[in-house]
Amino acid sequence: MCGMNLAFDRQLIGPAMYFGLMGDGQPIGRYDDMWAGWCVKVICDHLSLGVKTGLPYLWHSKASNPFVNLKKEYKGIFWQEDIIPFFQNATLSKECDTVQKCYISLSEQVKEKLGKIDPYFVKLADAMVTWIEAWDELNPSDTVVAAGNGKAAAM
C-alpha cells in the first residue's frame, strides 16, 4: 500500500490506519505505509471488509539516491523475511469484532512474535496500543462492529 494514493472509509477502518514508528530515530524508514497496509489487510479479511487495489490515480516521481535509500531501508528489507510470513499467518479470534479489538490483538502478536527479532517491534506494538487508546478518546462514536455480511454498524 502506498500512502500517497490511499482512500479508505474512516468509519470502517480508520483506527487501523496507523503508519507506525518510522523515520528519524527509528531503525527503519519508508515502511510506514506498508506496515499500515499489512495490518489493514489482516483486519479487513477477518471482518469481511473489502479491499480494492489498482493503478494509482496520481503518479509521483522524484530524484532518488539508492545509497541513501538503502541506508533507510536495509533493516526493513532484511526484516521482511519475518514480517511478511507473520502477516500471512496472523489470526484473530471471534472476539475481535471491531477494528480496535483486532488492532490490539495484532499488537500483542507483534510484541510476542516480532519482538524476538528486534526490540523495535516491542516499541511498535506499544505504540499501536497507544494509537488505539488515542483514537478511541478522540473518536468516541467511531467504534464499528462488522456484521457477517461484510457490512458494518456503528456502536
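The set of residues in the range 47-72 being more than 21 Å from residue 22 (Cβ to Cβ), without any contact (Cβ under 8 Å) to a residue 12 or more places away in the chain and aromatic (Phe, Trp, Tyr) consists of 59 alone.
Within the range 100-118, can one find any residue that is under 22 Å from residue 24 (Cα atoms) and touching a residue at least 60 places away in the same chain (Cβ under 8 Å)? Yes, the range 100-118 contains a residue that is under 22 Å from residue 24 (Cα atoms) and touching a residue at least 60 places away in the same chain (Cβ under 8 Å).
The rows are residues; the columns are (1) at pLDDT 85 or above; (2) crowded, with 17+ Cβ neighbours inside 10 Å; (3) not aliphatic (A, V, I, L, M).
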| position | (1), (2), (3) |
| --- | --- |
| 65 | yes, no, yes |
| 71 | no, no, yes |
| 96 | yes, yes, yes |
| 119 | yes, no, yes |
| 122 | yes, no, no |
| 126 | yes, no, yes |
| 138 | yes, no, no |
| 144 | no, yes, no |
| 154 | no, no, no |
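No other residue among 38, 59 is aromatic (Phe, Trp, Tyr), in a helix (DSSP H, G or I) and either more than 13 Å from the chain's Cα centre (by Cα) or at pLDDT 85 or above (or both) apart from 38. Comparison of 83, 28, 43, 13 shows that the only residue that is β-branched (Val, Ile, Thr), assigned to a loop (DSSP other than H, G, I, E, B) and closer than 21 Å to residue 129 by Cα is 28. When 54, 50, 76, 25 are screened for being surrounded by 15 or more Cβ atoms within 10 Å (Cβ to Cβ) and either of a type outside the set (A, V, I, L, M, F, W, C) or touching a Gly at 6+ places or on another chain (Cβ under 6 Å) (or both), only 76 passes.
The values are calculated or read from the model by the stated rules, or taken from the named source; none is laboratory data. For clarity, every value in this text was computed on a predicted model and none was experimentally measured. Virtual Cβ from ideal backbone geometry, glycine too; neighbours counted across all protein chains shown.
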